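Before any comments, here is the structure.
The values are calculated or read from the model by the stated rules, or taken from the named source; none is laboratory data. In this text, all values refer to a predicted model and were calculated from it rather than measured experimentally. Virtual Cβ from ideal backbone geometry, glycine too; neighbours counted across all protein chains shown.
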């Protein structure tokens, strides 16, 4: 039990620390900035941050959500991403234990989290993070099976988009959507992929109705549905069987 708790603490701390790096990716990649240099600085006053200004979550609390220099408010998004990533990693550890591919599955979901945050703000899905999520998702046991699932999902979504675009006479799906679908299938397999797609549509239904004529980013709903399905796959499959066969 003590060893389990130590590993759990390690996963949480590593997850929250990587969540801090995700904030760098979320901020810099859409702006076309280098993710390594220069060191972190306040975007308002440009003062470089000290190491103790960058301690995940605790620095935000200690600084009361404000820049140490100019007192500009630090968006709540920063600690939320850090905590969300840590929570995802802990949930995956509780699901998978110490399986060798746990870090790769965790990294794939971290990339999906970053993609979701970028899509919410910019209505864009960077290829670099999108392909990273897919590559990490493929690094599991039975690699060939996961690769086949990813290719089948990508082809199926491309074919669906091609048919709908011909009927509607306009583009309906982009390359980014196809890559996300491939990542989902690599993580979930079949029929888990279809359950996640259905669940994502349900999750997006109310926001889409409330948005009316405004755009609604769909990647956050795909990512959330994928995580829910991954963590509860057996339960959801059982519910599907009950619905289909009684």
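Taking into account only those residues within segment 4-33 that are in contact with a helix residue (DSSP H, G or I) (Cβ under 7 Å, 6 or more places away or on another chain) and in a loop (DSSP other than H, G, I, E, B), which is surrounded by the fewest Cβ atoms within 10 Å (Cβ to Cβ)? For segment 4-33, the residue satisfying everything is 30. Against the numbered list (1) loosely packed, with under 15 Cβ neighbours inside 10 Å; (2) modelled with pLDDT under 95, residue 74 comes up short only at (1).
Which ones in segment 189-227 are closer than 14 Å to residue 154 by Cβ and assigned to a helix (DSSP H, G or I)? Answer for segment 189-227, where residues must be closer than 14 Å to residue 154 by Cβ and assigned to a helix (DSSP H, G or I): 193, 197, 222.
Does residue 143 satisfy the condition of being closer than 30 Å to residue 7 by Cβ, more than 20 Å from the chain's Cα centre (by Cα) and free of Cβ contacts under 8 Å to residues at least 24 places away in the same chain? Here the answer is yes, as residue 143 does meet what is asked.
Of everything in segment 49-65, what is touching a strand residue (DSSP E or B) at 6+ places or on another chain (Cβ under 9 Å) and at pLDDT below 90? Give them in sequence order. 49, the sole residue that qualifies. Selection within segment 200-220: residues that are farther than 22 Å from residue 178 by Cβ and either surrounded by 10 or more Cβ atoms within 10 Å (Cβ to Cβ) or in contact with a strand residue (DSSP E or B) (Cβ under 8 Å, 6 or more places away or on another chain) (or both). The member of this set that is modelled with the lowest pLDDT is 211.
Residue pairs whose Cβ atoms lie under 9 Å apart, sitting 6 or more positions apart in sequence or on different chains, and linking a residue in segment 222-246 that is more than 14 Å from residue 185 (Cα to Cα) to a partner that is outside any helix (DSSP H, G or I), are 237/191; 240/191.
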